[in-house]
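The values are calculated or read from the model by the stated rules, or taken from the named source; none is laboratory data. In this text the structure is predicted, and so the values were computed from the model without any measurement. Positions of Cβ are generated from backbone atoms using ideal geometry, with glycine treated the same way; all protein chains shown enter the neighbour counts. Surface areas here come from the heavy atoms of the whole protein model, side chains and all, with no ligands, DNA or RNA. Shrake-Rupley method; radii C 1.70, N 1.55, O 1.52, S 1.80 Å.
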Amino acid sequence: MLTPARMKRVNLFILEKDEPEVTRALGELKTIHLVPAAETDVPLSHRPQQDRHVDEIRQLLLHVERLLTELGLEAEGPEAVLPHKTPDEISDRLHQIEVRADEASRQAARCESERTQLDSMIRNIESFVGLGVPIERLNEFSFLHFAIGSMPETSLGDLEAKVGENVVLLPRRPSGDKQRIVAVTSKKGRFALETALEHAGFEPEPPGESMTGLAEQLKADADRQIDRVEVQRDMAQRVLKDMAADCGPELRTYRRTIVNELRMIEARVNFAYTEAACYITGWVPAAQVNQVTEVVLEKTGGRAAIEIYDPPPGSEPPSKFTTHPLLRPFAMLVAGYGFPKYREIEPTLFVAITFLAMFGFMFGDVGHGLVLTVIGLLVRRKGRKEKTRDIGTIFLACGLASMVMGVVYGSYFGLTVENTGQTWMAPLWQEPFGEHSDPLMTLEVAVVGGAAMISIGLIFNIINRLRNRDFMHGIFDRVGLVGALMYWAVLWVALKALVFGPENLPVGPMLGIIAAGVVVLFIREPLLVFLKHRRGEPAENLGEALITACVEVMEVFIGYLANSLSFLRLAAYAFSHAALLLATFEMSRVLADLPTVGKPLAVVMFVVGNVIIIVLEGLVAAIQAVRLEYYEFFGKFFSGNGRAYRPFEVE
């Protein structure tokens, strides 16, 4: 968990004719992280032409995925057992399926379009049902004027009042928020009617030229056509559904085949070739090296030369870490900073512990923690994607941490033993903010916790440097062993001063360690410059080295002081969280004394205040915890410049 899987470099020399079988076998084994041969010193003679260009294979993959989408199918699902087919054979078969699917899709689309037109026609016809007059004759009356259309339903009453008895308004069936009407007036009243209609938001809907005859007959004909169209649409959709059932497994198999072909083509970019041989190189976990050698020898009939060796100094193998499912969500926090190098400690376990401890310290309240716990459980249960469920796990863990610290603080939605008199609410330690709290102790705990985190980071850095055989920075550096000893000596002096008082301070040995550390850090840079000059290597002058040494010594004291005091924010946000809860309680108590509506207002104030605090303070606590992880903890030992282990895979 803390260290990556041990890697071996594996070089394979095989005959070119064995390369396809070996490549597929390595992909199925899913163990080798390929390294481009161009990055090695192996001479490249020629690279054989690919059977099919990568872009053409990708187009074939898009073709399959388009058909799956057209048939309403997911990419993952049951597959068919089929004989191996070449990309050309797959392309021909996809064309056959596409012809059938396109014909049914076009039929369904035509039916849908025709149904939409018929629905629109019926909506127009319904305005004329009951008039008893053929539609084409409405404008033939020499003494009457008809206005047909729709208007906002709310404007109908105003229109009736405005036109008076000179206009007959015939409301028809509403369409959404529109009222369909037929307005009839005399030819002389046409202008007045159209003016009133315009002010009322009237939209004309004249009958189409093809509408002839009584509206009742036209509507009956349209209904019959709709029945016919729906039968044809259902038949087309049934064809698509049957094709999905018949061709779905086949299409998924083709998709997997094409994806594998594409991965193999992309893998070959990493290979080197001679006229008759192929060179493959990559990183393999040490525990799986035997599997790789056995598979390669089996596929080549023993015609292979295999070279296996440990990572040479200066090389940077990919890192493979095994993360427990409960810690996987916190790996996202680590990934936000970077990925561990091969010889670096993987910090997810420590991030999970310290992040939750800091969050709980700043956001300690049983009620607020319970809300976060419920949210986390809901997100974990409802989340479809693994990442979403992992976010739910973080909410759940933060909620539990807040509940634990809420019991320690004796805070339940801001209710405490002080403002309720309930003895079961008594804190296990103390309230962060209140009459009986000790703010100075809270500040001290925050700084001590921060010093512990910084110390762990320093130890990790020393281990990382020694693993990389970087003894100079692992020992003689401000974040190496010398800097760590100086920091711990200062902490010991500060602790003794707090316990015994400055007048009884037995700190002689510690001051000696600090002084020795200052001397070592001061002479390190000038000494290195001097040795480089003796060897004739390029280096800065001695004066610049002395200035650099002075700055570095000052940076040790200033930097460690700033790093340690940075953790005071833990106490500060714990104070602000408790103070806001107290303010919410007091405001609710004042409102409760008001007559009549006092108690309901107090409840609203209490609920709304807690919701606001949960959202704002919870967000602030999370941001501050992440900031301390990244800058005060990771900054001591974690580069984040590593490469993740990504083995070549085919299904």
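Within the range 407-442, how many residues turn out to be buried (at least 18 other Cβ atoms within 10 Å of the Cβ), under 20 Å from LEU498 (Cα atoms) and of a type outside the set (Ser, Thr, Tyr)?
Of the residues in the range 407-442, 0 are buried (at least 18 other Cβ atoms within 10 Å of the Cβ), under 20 Å from LEU498 (Cα atoms) and of a type outside the set (Ser, Thr, Tyr).
Would you say GLY536 is at positive phi and not aromatic (Phe, Trp, Tyr)? Give the derivation first.
Details: at positive phi: yes; not aromatic (Phe, Trp, Tyr): yes.
Yes.
Could you go through the range 352-372 and let me know if any residue there is open to solvent by 50 Å² or more (accessible area, probe 1.4 Å), aromatic (Phe, Trp, Tyr) and within 20 Å of ARG627 (Cβ to Cβ).
No, every residue in the range 352-372 fails to be open to solvent by 50 Å² or more (accessible area, probe 1.4 Å), aromatic (Phe, Trp, Tyr) and within 20 Å of ARG627 (Cβ to Cβ).
Out of all the residues in the range 373-411, which are within 14 Å of ARG328 (Cβ to Cβ) and touching a residue at least 24 places away in the same chain (Cβ under 8 Å)?
Correct list: LYS387, ASP390, ILE391, THR393, ILE394, LEU396, ALA397.
May I ask you to list pairs of residues, at least six apart or on different chains, whose Cβ atoms are under 6 Å apart, with the first in the range 501-514 being of a type in the set (Val, Ile, Thr) and modelled with pLDDT of 80 or more and the second being assigned to a helix (DSSP H, G or I) and open to solvent by less than 60 Å² (accessible area, probe 1.4 Å)?
Every condition considered, the pairs that remain are ILE513/ALA489; ILE514/MET486; ILE514/ALA489.
Consider THR420 carefully, then state whether it is under 30 Å from ASN464 (Cα atoms) and not acidic (Asp, Glu).
no
Got a sec? Which helices (runs of 4 or more DSSP H) wholly within the range 267-376 have at least 1 residues that are under 16 Å from ARG9 (Cβ atoms) and out of contact with any Gly (no Cβ under 8 Å at 6 or more places or on another chain)?
Numbers: elements: 289-300, 328-335, 348-362.
Once the helices (runs of 4 or more DSSP H) in the range 267-376 are filtered for at least 1 residues that are under 16 Å from ARG9 (Cβ atoms) and out of contact with any Gly (no Cβ under 8 Å at 6 or more places or on another chain), what remains is 289-300.
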